[in-house]
1. What part of the accessible area of segment 1-62, given as a whole %, is carbon or sulfur when the probe is 1.4 angstrom?
2. Determine the alpha carbon to alpha carbon distance for each of LYS60/LYS207; LYS29/LYS123; LYS68/LYS175; LYS40/LYS123 and list only those over 25 Å.
3. Can you work out the accessible area per residue across segment 1-52, with the rest of the protein chains kept in place, probe 1.4 Å, in square angstrom?
4. Counting only residues 5 or more places away or on other chains, whose amide H sits under 5 Å from the amide H of TYR164 once H atoms are built in the peptide plane?
5. For Cα pairs less than 8 Å apart in space and 6+ apart in sequence, what is the mean separation divided by the residue count of segment 40-93, i.e. the relative contact order in percent?
6. With θ set to phi - 60° and the Karplus curve 6.51 cos²θ - 1.76 cosθ + 1.60, what are the ³J(HN,Hα) couplings of segment 201-206 in order, to the nearest whole Hz, using x for Gly and Pro?
Amino acid sequence: YCEEANEQIVVYEYATNGSLDHHLQDPNKRRCLTWEQRLKICLGAARGIEYLHSGVGEHKRVIHRDVKSGNILLDDNMEAKICDFGVSRLSPRNQPDTHVRTGLAGTPYYIDPIYNERGRLSKESDIYSFGVVMFEMSRGTMAYEKRFGDAKERYLIDIVRSHYDDHKLVGGLDKLMDPFIRGHINMSSFEKFNEVAHECINLDLRKRPTLDR
């Protein structure tokens, strides 16, 4: 990492396996993503985001502001690496109000609607975006893939919300499961994973989980 004068540079180790979104969009690659690998990738990404949120230096934390599957790189061992800090922001650390007033940035379909509406960025905004990534891993589809038919279920997050009512899944988890992992998965693990993902996209910031648990 280098920051000198007007130059800001981050150098990454070469990610042999590319970015996560390529694996989700390519059926042959997605077929090879076992449930255990998906959990490992999500845990690695969560640790990376938590590292940024836990504090840089003595008084600041980093809010990524563009967490998405395209910004999660995978190395030789399919270990997750968070990348692309072009729109990231520093925020005060260890203060009651961790919000930062800033213009909207990020990728549609992953952006926290609270941040979108109020322009108030917080570490919980990254957690919302991470929840979207978790549902991408669960269902095996990208956040922005269109669904024809019901206009209310046009994108992945709308499909997810349509299945929940007062935090209870309506119609079972089958519609949120990638066909490639069906029959090769521990349902208890799948249920817990989706429960955490659903907490991440809660519209009440106070009910979103932290990534250190």
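The values are calculated or read from the model by the stated rules, or taken from the named source; none is laboratory data. What you see is a predicted model, and the numbers here were worked out from it, not measured in a lab. Calculation scope for accessible area: heavy atoms of the full protein, side chains included, ligands and nucleic acids excluded. Shrake-Rupley method; radii C 1.70, N 1.55, O 1.52, S 1.80 Å.
1. Details: 2140 of 4150 Å².
Answer for segment 1-62 is 52 percent, counting heavy atoms of protein chains only.
2. Check vs 25 Å cut-off fails for LYS29/LYS123.
3. On the way: 3560 Å² over 52 residues.
That works out to 68 Å² for each residue.
4. When sequence neighbours closer than 5 places are left aside, the close amide H contacts are VAL170.
5. Values: 71 pairs, mean separation 22.1, N = 54.
For segment 40-93, the relative contact order is 41 percent.
6. Using θ = phi - 60°, the values come out as 9, 4, 7, 9, 4, 5 Hz.
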